[in-house]
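The values are calculated or read from the model by the stated rules, or taken from the named source; none is laboratory data. Just so we're clear, the structure is a prediction, and the values are computed from it rather than from any experiment. Note that each Cβ is placed from the backbone with ideal geometry, even for glycine, and that neighbours are counted across all protein chains shown. Areas reflect the complete protein model, heavy atoms only, side chains present, ligands, DNA and RNA absent. Shrake-Rupley method; radii C 1.70, N 1.55, O 1.52, S 1.80 Å.
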Amino acid sequence: MSLTSEEQGLIAPVERAPILSRTLEWASINSGTGNLDGLAAMAGYLADAFAQLPGEVRLVDAAPVEKVDGKGELREVGHGRHLVLSVRPEAARRVILTGHMDTVYAREHPFQTCAWLDEDTLNGPGTADMKGGLSLMLAGLAAYEQAAPTLGYDVLINSDEETGSLSSAALIAQMAQGKLAALTYEPALPDGSMARARPGSGNYSAVVTGRSAHAGRNPQDGRNALVAASDLAMRLAAGVREGLTINPARIEGGAPNNTVPDLAILHFNLRPRTPELAAIARALIDEAVAAVSAAHEVQIHLHGHVSRPPKPITPRTEALFGLVSKAATDLGQPMRWQDTGGVCDGNNIAACGVPVLDTMGALGGSIHSPQEFMIASSLDARARLTALVMHRLDRYGAVPA
């Protein structure tokens, strides 16, 4: 199927300049996950912009989230509100489109401005991940709305994706229910490659409580929490195997040099490729915690869970990729599909039984670093792809149940 005259008319109005202008404006706003003022400003800009689409825009309060602090205690962490837009909620066939307004760059991070590396490559915070994606999503939906649409859809833009979507997970699950398909606007690779299967991900904190003592006078009476945490880190790292990574990332705590430390907190991440490996990882963690507790005579309290389930590929996911890939080819944007080690909200959506393609955003790379870049010519190209995919889902519905 090449482009019909109707489809050619659908994508003709899409222009790069307004999408790029919006991207530059939004990238100038620091919206690191912990910058609540910046997130509030970003949510306001997004609400104003997405109000051009039919339907109701609302901002939803974040669900409560607790995190282990440097004292080993749970404290509540604040998050920004999440944006939701519902269009034709009465429609029998509905799609969900998702993105995130937060970035990994904190308010005090030195990377705050954009610069052109060449005429098509923009270096800037959140340009690829994913303010460019949000801007082109809007442009694609605006184009789709010009062609007598009947498909209903929800747009969900959360404020905490970069830290695991803990305050928006329930909202994602609620809004994904019953959807025909899902499109998520994480960046694609510079060559247009899209993410296929993804592992799951879980972040954990192990609070190790020992017993303090004088390091010179009676060290034998102490129980060194730092040593125990290090032992736990080594045991967890030894559990790495095909399809399962475990990354001990940081140990907090300790004490002055003349004191046996009675507190240490080990933070670690694990990524299982299948639910079976997630269960194996949990058993491995439990065994390591029990062994270290006994060997060092310490107490260990574990906090955390696998918050991003593994994302497998189902026949419905294959069908969705086939539809998107054909649309891209018809637009002169051939694409590849490959497995990746990263995780995103696409994991959470797939866990609801909804087929999802989660790299519909701008092309770019070096994300999560000051070298982050976005390919500007992908903005209008991917906006056209969004419009065409929504149109074909509307007209042909090629994602079988």
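When SER205 is tested against (1) of a type in the set (S, T, N, Q); (2) within 20 Å of ARG58 (Cβ to Cβ); (3) touching a His at 6+ places or on another chain (Cβ under 8 Å), only condition (2) is not met. Checking each residue in segment 120-153 for being among the charged types (D, E, K, R) and either touching a Pro at 6+ places or on another chain (Cβ under 8 Å) or surrounded by 24 or more Cβ atoms within 10 Å (Cβ to Cβ) (or both) picks out ASP129, LYS131, GLU145. The C-beta contact set for segment 265-278 (first residue under 22 Å from VAL298 (Cα atoms), second residue acidic (Asp, Glu) and open to solvent by 20 Å² or more (accessible area, probe 1.4 Å), distance under 6 angstrom, 6+ apart or interchain) comprises ILE265/GLU252.
Out of contact with any strand residue (DSSP E or B) (no Cβ under 6 Å at 6 or more places or on another chain) and either on the phi > 0 side of the Ramachandran plot or of a type in the set (Gly, Ala, Ser) (or both), is that true of ALA288? Yes: the conditions hold for ALA288.
Close contacts from segment 154-169, counting a first residue that is assigned to a helix (DSSP H, G or I) and a second that is open to solvent by less than 10 Å² (accessible area, probe 1.4 Å) and not charged (D, E, K, R), with Cβ to Cβ under 6 Å and a gap of 6+ residues or different chains, come to GLU161/HIS100. In this entry, GLY254 passes the filter for residues that are modelled with pLDDT of 95 or more, open to solvent by less than 50 Å² (accessible area, probe 1.4 Å) and on the phi > 0 side of the Ramachandran plot.
Of the residues making up segment 209-222, those that are outside any loop (DSSP other than H, G, I, E, B) and open to solvent by less than 50 Å² (accessible area, probe 1.4 Å) number 1.
Among the residues of segment 294-324, the one identified as of a type in the set (Gly, Ala, Ser) and free of Cβ contacts under 8 Å to residues at least 60 places away in the same chain is ALA294.
When you check GLY126 against the structure, is it under 15 Å from the mean Cα position of the chain (by Cα) and on the phi > 0 side of the Ramachandran plot, yes or no? The answer is yes for GLY126. Residue count for segment 292-311 satisfying the condition of being open to solvent by 80 Å² or more (accessible area, probe 1.4 Å) and either among the aromatic types (Phe, Trp, Tyr) or within 25 Å of GLY341 (Cα to Cα) (or both): 1. For segment 345-377, residues that are open to solvent by less than 20 Å² (accessible area, probe 1.4 Å), farther than 24 Å from TYR153 by Cα and in a loop (DSSP other than H, G, I, E, B) total 2.
Taken over segment 264-290, the criterion of being small (Gly, Ala, Ser), open to solvent by less than 40 Å² (accessible area, probe 1.4 Å) and in a helix (DSSP H, G or I) is satisfied by ALA278, ALA281, ALA288. Answer yes if at least one residue in segment 385-399 is part of a helix (DSSP H, G or I), among the acidic types (Asp, Glu) and in contact with a Leu (Cβ under 7 Å, 6 or more places away or on another chain), and no otherwise. Within segment 385-399 (the criterion being part of a helix (DSSP H, G or I), among the acidic types (Asp, Glu) and in contact with a Leu (Cβ under 7 Å, 6 or more places away or on another chain)), the answer is yes, since at least one residue qualifies. Among the candidates GLU76, GLU6, GLU56, the residue that is open to solvent by 20 Å² or more (accessible area, probe 1.4 Å) and in contact (Cβ under 8 Å) with a residue 60 or more places away in the chain is uniquely GLU6. Restricting attention to segment 92-119, the residues being open to solvent by 20 Å² or more (accessible area, probe 1.4 Å) and within 19 Å of ALA148 (Cβ to Cβ) number 3.
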